[in-house]
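The values are calculated or read from the model by the stated rules, or taken from the named source; none is laboratory data. These figures come from a predicted structure and were not determined experimentally. Neighbour counts run over all protein chains shown; Cβ positions are idealised from the backbone, glycine included.
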Amino acid sequence: MRRMSYAERIRAQLGLRHDVAYIQELAKQKDLDTTELGTPVTHEEFADLQARRVLVGYVPAVEAQLRDAPNYAGIWFDQIPGGGVCIALTGEPTVPQTAAVAGLLPARAHVTYVNVRYTRAELDALCAKIDEGTTFDVRQAKPLVSGLSVSGRHNVVEVMVRSVHDRASFLQWFGVDPRIMIKIREHGPIG
């Protein structure tokens with residue numbers, strides 16, 4: 001299987017056309033911007049990326065408005081053309097929530113509400129519990145968990161461990177079902 005080039009990957013991540021033939025055609029055009037992404041973008045794509053950048057600036061205010069709501073689970077920016085804001089909730093948004101979001105975002109901003117299983121408070125509490133309880137593998141006197149974060153987008157606590165052995169030790173020691181609320185990744189030895 002062929003690996004994607006940098007240009008293909010970055011354009012795909014941003015929701016831009018990313019097939020090789022198109023990128024090669026863009027590279028032949030002399031008047032295109034290449035500084036924004038390190039790969040050519042059309043004038044229209046550049047304008048779209050600038051509009052997205054502006055919309056991203058609104059996300060912290062929306063998060064601050066919703067964060068204490070009992071059904072709040074997370075927020076992220078969606079890289080669709082023009083950009084969009086995705087808000088995860090454990091249930092349908094309330095009328096006051098949609099009104100508050102509409103009042104904080106530009107008039108034509110694309111907003112998607114995603115129904116998820118766990119609130120951000122539940123995920124934060126689990127993250128804190130893991131952080132307090134799994135510092136060391138006592139048999140080997142080494143850190144068992146090397147990274148820990150909450151992903152609102154995926155509605156899980158992400159746990160980084162060094163190996164499959166550490167993953168098994170973590171699951172046994174902490175007694176969790178890995179299909180519920182937790183995503184465990186092995187990253188190999190550090191250093």
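Any chance you could count how many residues in segment 111-126 are under 15 Å from TYR58 (Cβ atoms) and either loosely packed, with under 15 Cβ neighbours inside 10 Å or charged (D, E, K, R) (or both)? Steps first, answer last, please.
Going through segment 111-126, the residues under 15 Å from TYR58 (Cβ atoms) turn out to be 111-112.
Pick out the ones that are also either loosely packed, with under 15 Cβ neighbours inside 10 Å or charged (D, E, K, R) (or both) and you get 112.
Of the residues in segment 111-126, 1 are under 15 Å from TYR58 (Cβ atoms) and either loosely packed, with under 15 Cβ neighbours inside 10 Å or charged (D, E, K, R) (or both).
Could we say that GLY74 is in contact with a Ser or Thr (Cβ under 8 Å, 6 or more places away or on another chain) and either farther than 30 Å from ALA7 by Cβ or at pLDDT 95 or above (or both) here? Criteria met by GLY74.
The single residue among ALA69, ALA61 that is closer than 30 Å to ASN115 by Cα, in contact with a helix residue (DSSP H, G or I) (Cβ under 6 Å, 6 or more places away or on another chain) and free of Cβ contacts under 8 Å to residues at least 60 places away in the same chain turns out to be ALA61. Restricting GLU36, GLU44, GLU63 to residues that are more than 30 Å from VAL156 (Cβ to Cβ) and within 22 Å of the chain's Cα centre (by Cα) narrows the list to GLU36.
With respect to the conditions (1) among the charged types (D, E, K, R); (2) over 22 Å from the mean Cα position of the chain (by Cα); (3) surrounded by 13 or more Cβ atoms within 10 Å (Cβ to Cβ), ASP78 falls short on a single one, namely (2).
Yes or no, residue by residue, for (1) of a type in the set (Val, Ile, Thr); (2) in contact with a Gly (Cβ under 6 Å, 6 or more places away or on another chain):
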{"position": "TYR6", "(1), (2)": "no, no"}
{"position": "LEU16", "(1), (2)": "no, no"}
{"position": "ALA21", "(1), (2)": "no, no"}
{"position": "ASP31", "(1), (2)": "no, no"}
{"position": "ARG52", "(1), (2)": "no, yes"}
{"position": "LEU55", "(1), (2)": "no, yes"}
{"position": "PRO70", "(1), (2)": "no, no"}
{"position": "ILE80", "(1), (2)": "yes, yes"}
{"position": "THR94", "(1), (2)": "yes, no"}
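Only residues that are over 17 Å from the mean Cα position of the chain (by Cα), part of a loop (DSSP other than H, G, I, E, B) and in contact (Cβ under 8 Å) with a residue 24 or more places away in the chain were counted in segment 95-116, giving 3. Within segment 127-149, if we keep just the residues that are surrounded by 15 or more Cβ atoms within 10 Å (Cβ to Cβ) and part of a helix (DSSP H, G or I), the residue that is modelled with the lowest pLDDT turns out to be ILE130.
Where residues in segment 42-63 are among the aliphatic types (A, V, I, L, M) and at pLDDT 90 or above, which of them is nearest to GLY82 (Cα to Cα)? Walk me through how you get there before you give the answer.
Applying the first criterion (among the aliphatic types (A, V, I, L, M)) to segment 42-63 yields 47, 49, 51, 54-56, 59, 61-62.
Filter again for at pLDDT 90 or above, leaving 59, 61-62.
Values: VAL59: 15, ALA61: 19, VAL62: 18 Å.
Here the answer is VAL59.
Taking the condition over 16 Å from GLY152 (Cα atoms) and surrounded by fewer than 14 Cβ atoms within 10 Å (Cβ to Cβ), does GLN97 pass? Considered against the rule, which asks whether it is over 16 Å from GLY152 (Cα atoms) and surrounded by fewer than 14 Cβ atoms within 10 Å (Cβ to Cβ), GLN97 comes out as no. Within the group LEU104, LEU89, LEU32, LEU66, which residue is modelled with pLDDT under 95 and hydrophobic (A, V, I, L, M, F, W, C)? Checking each option against the conditions leaves just LEU32. Give me the residue from segment 1-52 that is of a type in the set (Gly, Ala, Ser) and part of a loop (DSSP other than H, G, I, E, B) and, out of that set, surrounded by the fewest Cβ atoms within 10 Å (Cβ to Cβ). Looking at residues that are of a type in the set (Gly, Ala, Ser) and part of a loop (DSSP other than H, G, I, E, B), I get GLY38.
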